[in-house]
Amino acid sequence: MAKRTVYMDHAATTPVDPRVVEAMLPYFTERYGNASSVYRLGQEARKAIDEARADVAQILNCTPREIIFTSCGSESDNLAIRGIAFWNRGKGTHIITSSIEHHAVSHTCEQLEKHFGLQVTYLPVDKYVRVDPTDVEKAITEKTTLITIMYANNEVGTIEPIAEIGEIARAHKIPFHTDAIQAGGALDLDVEALKVDLLSLSAHKFYGPKGVGVLYLRRGVRLLPPQTGGAHELNRRAGTENVAGIVGLATALKLAQGHREENNRKLIALRDRLIDGILSSIPDTQLTGHPKERLPNSASFTINYVEGEGLLLGLDMMGIAASSGSACTSASLEPSHVLLAMGIPPEVAHGSLRLTLGHENSEEDVDYLLEILPGIVKRLRSMSPLYTTAS
Amino acid sequence: MYSEKVMDHFMSPRNVGVIEDPDGVGKEGNPICGDLMEIFIKVKDDRIKDIKFRTFGCGAAIATSSMATEMVKGKTIEEAMEITNKAVAEALDGLPPIKMHCSNLAADAIHAAIEDYLEKKKVKQPA
């Protein structure tokens, strides 16, 4: 096959849908008003935000008041966790989370532990990266102030039993937050069905712009806002609203969720073609994450005896964009904590490859990768001291 | 992220392989950390007659192994012992700061192979 440009890293970010760009544009140059201003230009911006908020609320099955717009998923996570922790300071000093959260959750919890005297329980996971709801229940103490467990894991795609955990949180009257950033376009976001009190979203994961996110906050759940200033977002998050971004987020979410079943069907077919192709053509390779309860677009693997960055460079040379959980591809030089949490030995975790598909990917894209990848692995294995020892 | 020279050595590494009956072997790194290098040398008349490497590691690890072996091939033992990680990185037109530790591994593995050769030589020679 001739060289192609193939993007298979949709978990990292997605291209903005042209319809989203079109919806956003007027808010840069024509309808640029500050939504807090009294005059017409300001009120136009206010109306756009209100409509966006109502659209998001409808999708999440909540009221518009319960939607807070933020600058990104990480901010939503910080708002949720710090907000709850500081509101309940003194009374609640314990947080329950998992060992496989995104750093926006885990590093926030770590800072609260180290500098603010909270205790945090990091729940273990099984080999499929699933949290056991009974472990959540066992970890609850009278000091527990928050439970935070992600909806779908960004590295291996596993979907967590959120509704079951929500049931337990409710029975104990503990606020329950879920980082739904990877779930955004693909899974059901009905907060009643999920039984969550807080939920984080990020637009750039579902064909929306970077720089805007959402925190759903159930009515009656109080938090102490970390970002103070003006009275924006009902005094929960100060800062002049990113009107274009907010309009973009709502438009993107409507598009993604509106065609969810159809999109997922297509993605699952491509994903499974990819998984079957890789597992059958490259020996000593394993699928990571749950075989069934996984995101429709996520295909993640460990490939023995080779290192992840080497794989990515080889793929990049052939026009393919992908990612890895190896130490060398992380800024911290540590291998993925998610892979380690599922019991994978470090040397195998370094050989991880994550391929996450999107709407623009085709069967030809998948077949191209299947054509290219075995050669890359073979070349790296031929240089590897681990391979010749094993074979 | 990487220079053209690094990418060249990554895509077309020099001196990959093993030597069946090596005069010295050096191993550095640890697969648990994500980097493992093996260097094999053949010595004749106090010069590195042949050198081969195997590496489990990132682009920088493979490129520095390749460049380091190219730099010492044909040199005397003394000259080869003097190779530094800085020299290897410079020969590759530089490495991102976060990747400099890979060049350490390459230089250290070569030193280890030479030390192994010298140890073996001592054992062979009568006291």
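Reported count of residues in region A:173-203, each being in contact with a strand residue (DSSP E or B) (Cβ under 9 Å, 6 or more places away or on another chain), of a type outside the set (A, V, I, L, M, F, W, C) and surrounded by fewer than 24 Cβ atoms within 10 Å (Cβ to Cβ), is 1. The residue that is farthest from the chain's Cα centre (by Cα), counting only those in region A:134-153 that are surrounded by 24 or more Cβ atoms within 10 Å (Cβ to Cβ) and in contact (Cβ under 8 Å) with a residue 60 or more places away in the chain, is A:LEU146.
Looking at region B:68-82, is at least one residue within 11 Å of chain A (Cβ to nearest Cβ) and at pLDDT 95 or above? No, every residue in region B:68-82 fails to be within 11 Å of chain A (Cβ to nearest Cβ) and at pLDDT 95 or above. For region B:71-108, a residue qualifies if it is surrounded by fewer than 17 Cβ atoms within 10 Å (Cβ to Cβ), of a type outside the set (A, V, I, L, M) and farther than 17 Å from B:GLY29 by Cα, and the qualifying residues are B:GLY74, B:LYS75, B:THR76, B:GLU78, B:GLU79, B:GLU82, B:LYS86, B:GLU90, B:ASP93, B:GLY94, B:PRO96, B:PRO97.
Any residue in region A:62-69 that is surrounded by fewer than 19 Cβ atoms within 10 Å (Cβ to Cβ), in contact with a Phe, Trp or Tyr (Cβ under 9 Å, 6 or more places away or on another chain) and either without any contact (Cβ under 8 Å) to a residue 12 or more places away in the chain or not polar (S, T, N, Q) (or both)? No: zero hits.
Counted as qualifying within region A:269-351 are the helices (runs of 4 or more DSSP H) with 2 or more residues that are within 9 Å of another protein chain (Cβ to nearest Cβ), namely A:308-317, A:346-349.
B:HIS111 fulfils the conditions (1) closer than 17 Å to B:ILE39 by Cα; (2) surrounded by 15 or more Cβ atoms within 10 Å (Cβ to Cβ); (3) over 13 Å from the mean Cα position of the chain (by Cα) except for a single criterion, (3).
Within region A:12-33, one or more residues are of a type in the set (S, T, N, Q) and in contact (Cβ under 8 Å) with a residue 24 or more places away in the chain. Is there a residue being within 21 Å of the chain's Cα centre (by Cα), assigned by TED's automatic domain parsing to the domain that holds A:GLN182 and among the small types (Gly, Ala, Ser) anywhere in region A:116-133? Checked against the condition, which is being within 21 Å of the chain's Cα centre (by Cα), assigned by TED's automatic domain parsing to the domain that holds A:GLN182 and among the small types (Gly, Ala, Ser), region A:116-133 yields no hits at all.
Residues that are assigned to a helix (DSSP H, G or I) and among the small types (Gly, Ala, Ser) do occur in region A:62-73, at least one of them. A single entry from A:ASN61, A:ASN34, A:ASN78 fulfils the requirement of being under 21 Å from the mean Cα position of the chain (by Cα) and farther than 23 Å from A:LEU224 by Cβ: A:ASN61. Does region A:357-379 include one or more residues that are surrounded by fewer than 22 Cβ atoms within 10 Å (Cβ to Cβ), in a loop (DSSP other than H, G, I, E, B) and out of contact with any helix residue (DSSP H, G or I) (no Cβ under 9 Å at 6 or more places or on another chain)? Scanning region A:357-379 turns up at least one residue that is surrounded by fewer than 22 Cβ atoms within 10 Å (Cβ to Cβ), in a loop (DSSP other than H, G, I, E, B) and out of contact with any helix residue (DSSP H, G or I) (no Cβ under 9 Å at 6 or more places or on another chain).
The values are calculated or read from the model by the stated rules, or taken from the named source; none is laboratory data. From a predicted model like this one, the values you see are computed outputs, not experimental measurements. Here the Cβ is made from the backbone with ideal geometry for all residues, glycine too, and neighbour counts use every protein chain on show.
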